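Notes follow the structure.
The values are calculated or read from the model by the stated rules, or taken from the named source; none is laboratory data. Only a predicted model underlies this, so the values are computations on that prediction, with no experimental measurement involved. As a convention, Cβ positions derive from the backbone with ideal geometry for all residues, glycine included, and neighbour counts pool all protein chains shown. Note: accessible area is taken over every heavy atom of the protein model, side chains too, but ligands, DNA and RNA are not part of it. Shrake-Rupley method; radii C 1.70, N 1.55, O 1.52, S 1.80 Å.
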Amino acid sequence: MAQSSPTPTRHVVFQYLVPVHVEVEDDLVVRVTVIDETPVRDPTVVEGNPEYLAQAVAATDDGQSWPSWQFGY
């Protein structure tokens, strides 16, 4: 039985600047809050298909819930 090849996944990783609130007590960072409602402006492709960037940026503001946050590399 012949199997059809799956549609290639469109993938792009981009970054943009967002404001954060940083709370410091006695020289220790105790809380960092990312203001995630900030509109995407001047995104930069980090990896993946740059031709998919415009559609990916539009998907960030289409009402879907965002996944959990990951900090650091």
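When the solvent-accessible area of the chain is split by element, carbon and sulfur atoms take up 52 percent of it, the probe being 1.4 Å.
In nm², what is the average projected area of the convex hull enclosing the Cα atoms of the chain? Intermediate results must be reported in sequence, preceding the final value.
Working: hull surface 31.4 nm².
Reported value for the Cα convex hull: 7.9 nm².
Summarising the label geometry, the points placed 7 Å from Cα in the beta-carbon direction at A54 and E25 lie 4.8 nm from one another. Here the chain is treated with +1 on each Lys and Arg Cβ and -1 on each Asp and Glu Cβ, and its dipole about the Cα centre works out to around 440 debye.
Rolling a 1.4 Å probe over the protein heavy atoms gives the chain an accessible area of 92 Å² per residue.
In this simple spin-label model, placing a label point 7 Å from the Cα along the Cα-to-Cβ direction at both W69 and V34 gives a separation of 0.6 nm.
Between D62 and D42, what's the calculated FRET efficiency when r is the beta-carbon distance and R0 is 25 Å? Round to 0.05. The partial results should precede the final answer.
On the way: r = 20 Å, r/R0 = 0.79.
Calculated value: 0.80.
Scanning residues 5 or more positions from F14 or on other chains, those with amide H under 5 Å from its amide H are V46, with H placed 1.01 Å from N in the peptide plane.
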